[in-house]
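**Student:** Sending over a structure as structure tokens; questions will come in a sec.
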Amino acid sequence: LNGIGWHGALALHDHCAYIGNRRASLINIVDISDPAQPTSIGTIPFPPGTQPVELRSISNLQSPISSLLVVADLSPISLLLTFDISDCSRPILLGSIRLAHTPHEFTLWTDGSRVLAFVATFLNAPPDLLIIDLTDPRSPHEIARWSAADDGLVGPLHSLSVSPDGTT
């Protein structure tokens, strides 16, 4: 990957692997159709100073969106971006949302009709959790937020997961 180093999360879809980066403002796209010979096939460029580190994909026929890449920019710009990856080698930016704080990690959840991103912010400043509705990936929007301090808890939210039914 051009010796850049400092790679971030990995997301997979079809024969493509997407690899985030903490130093370079880009996501590498690697063709993994032959696992013995992975081949770099392109990048998704981002504006200078951004950190497209955390990536997740949906490749699920149960989801209302079957080919979606979601990227969290960990720079002070603090964006969550959505890409159509129907053609995994040519992602198309669909939408974005500026977040209340810099994201740290996130997980995607779907109930078959909605797609939600649960985003941990990890800055010891409320809100600790943002819930972003990605059902229309062209128009992501925040639908809820939560702070540990509101429930008398201390410490930052770091990693998270969501139960299959979405209630926990």
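**Student:** Can you tell me which residues in the range 13-67 are among the charged types (D, E, K, R) and either under 15 Å from Thr82 (Cα atoms) or at pLDDT 90 or above (or both)?
**Tutor:** Listed by number, the residues that qualify are Asp14, Asp31, Asp34, Glu54, Arg56.
**Student:** Pick out, from the range 91-168, the strands (runs of 3 or more DSSP E) lying fully within it that include 2 or more residues that are within 15 Å of Leu55 (Cα to Cα).
**Tutor:** By residue number, 92-98, 105-110, 115-120.
**Student:** Take the residues of the range 144-168 that are closer than 15 Å to Phe106 by Cα and of a type in the set (A, V, I, L, M): which is modelled with the highest pLDDT?
**Tutor:** Within the range 144-168, the match that is modelled with the highest pLDDT is Ala144.
Residue-by-condition table, conditions (1) over 28 Å from Asn28 (Cβ atoms); (2) hydrophobic (A, V, I, L, M, F, W, C); (3) touching a Gly at 6+ places or on another chain (Cβ under 6 Å); (4) open to solvent by 80 Å² or more (accessible area, probe 1.4 Å):
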position	(1), (2), (3), (4)
Val71	no, yes, no, no
Cys88	no, yes, no, no
Ala144	yes, yes, no, no
Ser159	no, no, no, no
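**Student:** Right, here's the next one. Kindly check whether there is at least one residue in the range 76-85 that is within 18 Å of Tyr18 (Cα to Cα) and assigned to a loop (DSSP other than H, G, I, E, B).
**Tutor:** Within the range 76-85 (the criterion being within 18 Å of Tyr18 (Cα to Cα) and assigned to a loop (DSSP other than H, G, I, E, B)), the answer is yes, since at least one residue qualifies.
**Student:** Please work out if Ile77 is open to solvent by less than 40 Å² (accessible area, probe 1.4 Å), out of contact with any helix residue (DSSP H, G or I) (no Cβ under 7 Å at 6 or more places or on another chain) and of a type in the set (A, V, I, L, M, F, W, C).
**Tutor:** No.
**Student:** Which of the strands (runs of 3 or more DSSP E) found entirely inside the range 20-74 contain at least 2 residues meeting this: farther than 21 Å from Pro103 by Cβ?
**Tutor:** 26-31, 39-45
**Student:** Among the residues of the range 122-137, is there at least one that is more than 30 Å from Asp151 (Cβ to Cβ) and open to solvent by less than 60 Å² (accessible area, probe 1.4 Å)?
**Tutor:** Within the range 122-137, one or more residues are more than 30 Å from Asp151 (Cβ to Cβ) and open to solvent by less than 60 Å² (accessible area, probe 1.4 Å).
The values are calculated or read from the model by the stated rules, or taken from the named source; none is laboratory data. These figures come from a predicted structure and were not determined experimentally. Neighbour counts run over all protein chains shown; Cβ positions are idealised from the backbone, glycine included. Just the protein is used for accessible areas: all its heavy atoms, side chains included, with ligands, DNA and RNA removed. Shrake-Rupley method; radii C 1.70, N 1.55, O 1.52, S 1.80 Å.
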